[in-house]
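Working notes, beginning with the structure itself.
The values are calculated or read from the model by the stated rules, or taken from the named source; none is laboratory data. Worth saying up front: this structure is predicted, and the values here are computed from it rather than measured. Using ideal geometry, Cβ is built from the backbone for each residue, glycine included, and neighbour counts are taken over all protein chains shown. For the accessible areas, the whole protein counts, side chains as well, though only heavy atoms, and no ligand, DNA or RNA atoms are used. Shrake-Rupley method; radii C 1.70, N 1.55, O 1.52, S 1.80 Å.
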Amino acid sequence: MLSYAEVQEENMDQPSGRSFMQVLCEKYSPENFPYRRGPGMGVHVPATPQGSPMKDRLNLPSILVLNSCGITCAGEENEIAAFCAHVSELDLSDNKLEDWHEVSKIVSNVPHLEFLNLSSNPLNLSVLERRCAGSFSGVRKLVLNNSKTSWETVHTILQELPDLEELFLCLNDYETVSCSPVCCQSLKLLHITDNNLRDWTEIRKLGIMFPLLDTLILANNHVMTIEDSEDSLARLFPNLRSINLHKSGLHCWEDIDKLNSFPKLEEVKLLGIPLLQPYTTEERRKLVIARLPSVIKLNGSVVADGEREDSERFFIRYYLNFPQEEIPFRYHELVTKYGKLEPLAVVDLRPRSSAKVEVHFKEQVEEVSIRLDQTVAELKKQLKTVVQLSTSNMLLYYFDHEAPFGPEEMKYNSRALHSYGIRDGDKIYVESKTK
């Protein structure tokens with residue numbers, strides 16, 4: 001077994017670029033990554049007779065992050081196997097790996113690997129052979145974002161990864177989807193955002209390839225419409241629980257209604273679609289909730305029972321005066337549930353800005369219009385000319401004709417009049433401090 005120093009020296013001699021093992025030794029050397037005691041920490045390479053246990057050991061965690069390190073090749077496979085036997089997650093994104101054979105050398109020597117991120121590596125420059133793909137067989141989560149991976153390579157991977165559960169294919173410039181010759185029964189989640197998929201005939205191929213798909217994330221693909229029939233959608237995506245259509249090109253309510261065809265759908269994301277642009281924020285959410293009776297989470301927010309009922313009642317009132325030919329079928333379903341509702345009364349909840357009150361001073365009574373945004377001190381100034389008293393010699397009492405407790409002295413000069421709840425017809429009594 002080579003010591004740490006020998007491994008580092010050997011990997012410095014790679015013919016071009018930087019090797020996986022070279023970068024591993026540099027990043028996780030005892031000097032750069034101090035030894036930490038605890039379960040799963042640092043127990044990787046037994047000491048050689050010539051070296052001490054601490055000197056000959058790399059302190060590797062089970063999750064390795066080696067992104068943006070300029071890696072082009074694997075390095076010595078026996079050393080990868082010795083150092084990485086316990087590793088379960090590996091991030092190799094944004095490196096210079098362009099040969100699938102080199103990737104296979106790394107992965108085949110990490111026997112417990114379940115998560116692999118190869119994003120932003122130029123892997124489109126080589127072909128993945130099935131014998132190399134077999135080394136990925138234990139991987140459950142695979143990230144190939146911005147790798148421009150061909151569909152041919154994706155098909156090879158799917159055939160050799162029997163336990164693959166999550167696949168990320170974002171930013172790969174896909175305009176079409178190529179069907180795999182065999183279905184992938186294990187995949188539950190597919191991220192395929194930020195591509196150029198516009199036609200629903202391409203999306204339906206995903207249902208054919210991944211019949212047990214639970215989550216489909218299609219954001220930023222500009223899908224224009226959902227073309228399949230209700231029966232066809234139910235057959236294509238029988239297990240789909242969540243779909244993300246953020247910033248798609250959907251532009252008619254019929255497309256939203258078709259989401260009800262997915263028998264297990266309960267979570268939908270629909271922000272930034274052309275259909276909803278003309279509506280207010282309240283209208284967008286309520287109209288969508290009312291059309292999707294089985295959805296329990298919309299745009300990341302849980303739909304509570306109270307919100308659903310409010311939305312469905314809102315939906316009925318929204319379409320109340322539409323021409324019969326423009327009223328959606330969902331309206332009639334909800335009328336059966338709630339009855340035909342009357343429009344809500346329009347209530348102006350804005351605070352009053354003024355009121356007409358009776359000002360009483362001695363035997364004198366005069367109706368005065370007062371501003372309610374002013375203070376008691378400002379009101380006294382207004383009443384100076386009415387009662388012929390100075391503000392310093394004036395006592396004010398507010399009498400609410402509906403209150404049972406009698407007049408209330410307006411003793412605080414800085415208090416705003418609207419805080420008294422003054423309305424038209426109320427009374428203000430003025431008395432002189434000097435009788």
Hey, among the residues in the stretch 379-411 that are within 21 Å of ARG352 (Cα to Cα) and assigned to a loop (DSSP other than H, G, I, E, B), which one's modelled with the highest pLDDT? MET410
Hey, could you check the stretch 368-378 for residues that are in contact (Cβ under 8 Å) with a residue 40 or more places away in the chain and either of a type in the set (Phe, Trp, Tyr) or not in a strand (DSSP E or B) (or both) and say which is surrounded by the fewest Cβ atoms within 10 Å (Cβ to Cβ)? ASP373
Could you tell me whether SER126 is farther than 25 Å from HIS222 by Cβ, modelled with pLDDT under 95, over 30 Å from the mean Cα position of the chain (by Cα) and surrounded by 16 or more Cβ atoms within 10 Å (Cβ to Cβ)? yes
What number of residues within the stretch 187-201 are open to solvent by 20 Å² or more (accessible area, probe 1.4 Å) and on the phi < 0 side of the Ramachandran plot? 7
Just the residues that are crowded, with 19+ Cβ neighbours inside 10 Å and at pLDDT 95 or above, please, taken from the stretch 131-140. VAL139
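Results for (1) over 30 Å from ASP173 (Cβ atoms); (2) in contact with a Pro (Cβ under 8 Å, 6 or more places away or on another chain), shown as yes or no for each residue.
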{"residue": "LEU216", "(1), (2)": "no, no"}
{"residue": "GLU230", "(1), (2)": "yes, no"}
{"residue": "LEU233", "(1), (2)": "no, no"}
{"residue": "ASN239", "(1), (2)": "no, yes"}
{"residue": "ILE256", "(1), (2)": "no, no"}
{"residue": "THR280", "(1), (2)": "yes, no"}
{"residue": "ARG291", "(1), (2)": "yes, yes"}
{"residue": "VAL302", "(1), (2)": "yes, no"}
Kindly list, by first and then second residue, each pair from a residue in the stretch 348-367 that is open to solvent by less than 100 Å² (accessible area, probe 1.4 Å) to a residue that is of a type in the set (Phe, Trp, Tyr) and at pLDDT 90 or above, limited to pairs with Cβ atoms under 6 Å and residues at least 6 apart or on different chains. HIS360/TYR429
What single numbered condition from (1) part of a loop (DSSP other than H, G, I, E, B); (2) farther than 24 Å from LEU189 by Cα fails to hold for LEU113? (2)
Hey, among VAL303, VAL268, which residue is open to solvent by less than 40 Å² (accessible area, probe 1.4 Å), free of Cβ contacts under 8 Å to residues at least 24 places away in the same chain and closer than 26 Å to THR336 by Cα? VAL303
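Could you list all residues from the stretch 203-222 that are open to solvent by less than 20 Å² (accessible area, probe 1.4 Å), part of a helix (DSSP H, G or I) and not aliphatic (A, V, I, L, M)? Reasoning before the result, please.
Residues of the stretch 203-222 open to solvent by less than 20 Å² (accessible area, probe 1.4 Å): 203, 206-207, 209-210, 213, 215-216, 218-219, 221.
Checking which are part of a helix (DSSP H, G or I) leaves us with 203, 206-207, 209.
Selection gives GLY207 alone.
Picking from GLU98, GLU79, GLU152, which residue would you name as being without any contact (Cβ under 8 Å) to a residue 60 or more places away in the chain and part of a helix (DSSP H, G or I)?
Checking each option against the conditions leaves just GLU152.
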May I ask you to list the residues in the stretch 288-321 that are among the hydroxyl-bearing types (Ser, Thr, Tyr) and under 20 Å from ALA219 (Cβ atoms)? SER301
For the subset of the stretch 280-300 comprising residues that are within 20 Å of LEU265 (Cα to Cα) and assigned to a helix (DSSP H, G or I), which member is most open to solvent (accessible area, probe 1.4 Å)? ARG284
Suppose we filter the stretch 412-423 for residues that are of a type in the set (S, T, N, Q) and either loosely packed, with under 12 Cβ neighbours inside 10 Å or at pLDDT below 90 (or both); how many remain? 2
Residue count for the stretch 93-112, restricted to those that are out of contact with any Phe, Trp or Tyr (no Cβ under 8 Å at 6 or more places or on another chain) and of a type in the set (A, V, I, L, M): 3
When (1) open to solvent by 90 Å² or more (accessible area, probe 1.4 Å); (2) more than 35 Å from the chain's Cα centre (by Cα); (3) in contact (Cβ under 8 Å) with a residue 12 or more places away in the chain are applied to THR385, the one that fails is (3)
Of all residues making up the stretch 306-331, the number that are closer than 15 Å to ARG284 by Cβ and open to solvent by 70 Å² or more (accessible area, probe 1.4 Å): 1
Set VAL182, VAL143, VAL154: member being at pLDDT below 95 and of a type in the set (Val, Ile, Thr): VAL182
Of all the residues that make up the stretch 173-202, how many are farther than 20 Å from MET224 by Cβ and assigned to a loop (DSSP other than H, G, I, E, B)? 11
